[in-house]
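Rule-based calculations on the coordinates, nothing more; no lab input. Predicted, not measured: the structure shown is a model, and the values here were computed from it. Don't worry about glycine lacking a Cβ; one is built from the backbone with ideal geometry, like all the others, and counts go over all protein chains shown.
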Amino acid sequence: MPRGLGDIPDLRLEVLQGFVTKFTMPPEIMLQNLFPMSNSPSSTIKWESQTGTRGMTPFKAPGAPTPQSSPLGVAQHSAEAAFMGEKMYFDEEFLNNLRKEGTESMYFDAQTRLAREISRMTTALMRRKEYMFAKMLSAGSLTYSQTSGIKFTLDYNIPSDHSVTLAADDMWSTGTSRDIIGNIIDGKRKISDDCGGVVDYAVCNSYVLEYLAQDSTIQTLLQKSAFGNGDLFSGNINKIVGANPGVIASLLDIKNLLVVDEKYEVRTYLTGAVTADSTTTISVGDVTDFEVGGTLTFYDTSAGTSENETISAVNTEAGTLTVSTAPSTSYKAGEDLVYMVQPFIPNDKFIMMASRVEGQPIAEYKQAPYGLTRTWGLKVDRKEEWDPEGIYIRIQDKGLPVLYQRDAIYTLDVA
């Protein structure tokens, strides 16, 4: 009797799902761990958000009707959940190595590769969820694909006075009148005044951490005679800058200072030819995650060479990217590709937030059902191909970060 997929232990669905569930969250994935998760009854996610709190129950006269509550700043939101997933094909030779009897080394080689590839796909999916939370916190909006590939931008409606761009003289990088501590106090006070929240998290990357660590006012306050043991550059240090985020957080009276240096890569193939020293508008397969100001790398797959240009415009409707200068090499449609590497938290952002207001989390991740079996959360499955023989392994998830307290976040553009 011919053997099928069920005869390969490592390709049974319960084993594949086991591969996924045993993988731990990479330590560089931080933001999605700050918020709870719950299931939505449908893929259309609905939620209410608000600004302000500190309400008090009104007095009422005995025997009189009870006054009706009317929360301030309440807004209704509705959006389709973001669907994410990818699949990988394993050919006949790989499957035969998995099931081959009496050749233990070949079996374990194939098994190791299977675990590695599923681990890579799982981590990539976690990174996509991290991207969504990073966009919510740093940009106040999120763009993703919906039905039929339509691009949709979800605006979280964070108040405009909670997203502040510093004047040139006040920039933390080169400003001659910069006042880093004053800016942070202003942000903490703004959150407290507007919603009563206490800032317990600040988020930045190591570029902004360096501005903090090298600020003369902060260094003076952190001298041994003025603050503790003068351990700004000792202890559990940030690997890139060498400054201790915990010490700075303590000085700023913020419980947690998260330094997020993780990056993501966006890669897509060219759908139109690029002519050397001529083409500046580039047609590509998917422009969704590319950003103005990002570095676009052109890669020649046959020659193995590349060059970089700066993205000056992104047109989601036309599916094109515009670069400031035409590349010096020609590239072929359908063969060559472009990619961009960006940090989750931009190099010029300092984000503060109260993670809870009146004891409730300000945001959460809503999981949406998908598939014929109405699955919630990360799932791995498989599909067998007959000719040529092989198998697709697929990993999927569906959901959306939602923000309940819009004025509990304060973002500074500092460079």
Taking the Cα centre as origin and putting +1 on Lys and Arg beta-carbons and -1 on Asp and Glu beta-carbons, what dipole magnitude results for the chain, to the nearest 20 debye? 1420 debye
Regarding the chain, what whole-number volume in Å³ per residue does the convex hull of its Cα atoms give? 217 Å³
Build a GNM of the chain with springs between Cα atoms under 10 Å: which of THR281, THR123, THR373 gets the top mean-square fluctuation? THR373
Rounded FRET efficiency, nearest 0.05, which uses the C-beta distance separating GLN214 from ALA313 and R0 of 41 Å: 0.75
Least to most buried among ARG116, ARG178, by other C-beta atoms within 10 Å and fewest first, runs ARG116, ARG178
The chain: angle of helix 104-138 to the longest principal axis, Cα-based, in degrees nearest 10: 30 degrees
Between SER328 and ASP413, what FRET efficiency follows from the Cβ-Cβ distance if R0 is 41 Å, with the result rounded to 0.05? 0.80
Quick one: order LYS379, LYS332 by neighbouring beta-carbon count within 10 Å, fewest to most. LYS332, LYS379
Top of VAL284, VAL380, VAL199 by mean-square fluctuation, Gaussian network on the chain, Cα under 10 Å: VAL284
State to the nearest 20 debye the size of the charge dipole of segment 263-343 about its Cα centre, where the only charges are +1 on K and R beta carbons and -1 on D and E beta carbons. 40 debye
Around SER148 (Cβ within 15 Å, Cβ-to-Cβ, excluding SER148; K/R +1, D/E -1) the net charge comes to -2
Give, to the nearest whole percent, the P(r) tail of segment 263-343 beyond 21 angstrom, counting all Cα pairs. 14 percent
Model label zone, GLU358; criterion: amide N under 18 Å from point 7 Å along Cα-to-beta-carbon; scope segment 26-60: 47-60
Taking a straight Cα-to-Cα line shorter than 17 Å from LYS46, and setting aside same-chain aspartates and glutamates fewer than 8 residues away, one finds GLU80, ASP155, GLU364
Give me the dipole magnitude in Debye, nearest 20, for segment 277-415 about the Cα centre, with unit charges on the beta carbon: positive for Lys and Arg, negative for Asp and Glu. 760 debye
Distance between modelled label sites at THR295 and THR271, nm, 7 Å Cα→Cβ extension: 2.7 nm
Can you put ILE409, ILE185, ILE311 in order, fewest other beta carbons within 10 Å first? ILE185, ILE311, ILE409
Comparing PHE344, PHE133, PHE35 in a Gaussian network model of the chain (Cα, 10 Å), the one with the largest mean-square fluctuation is PHE35
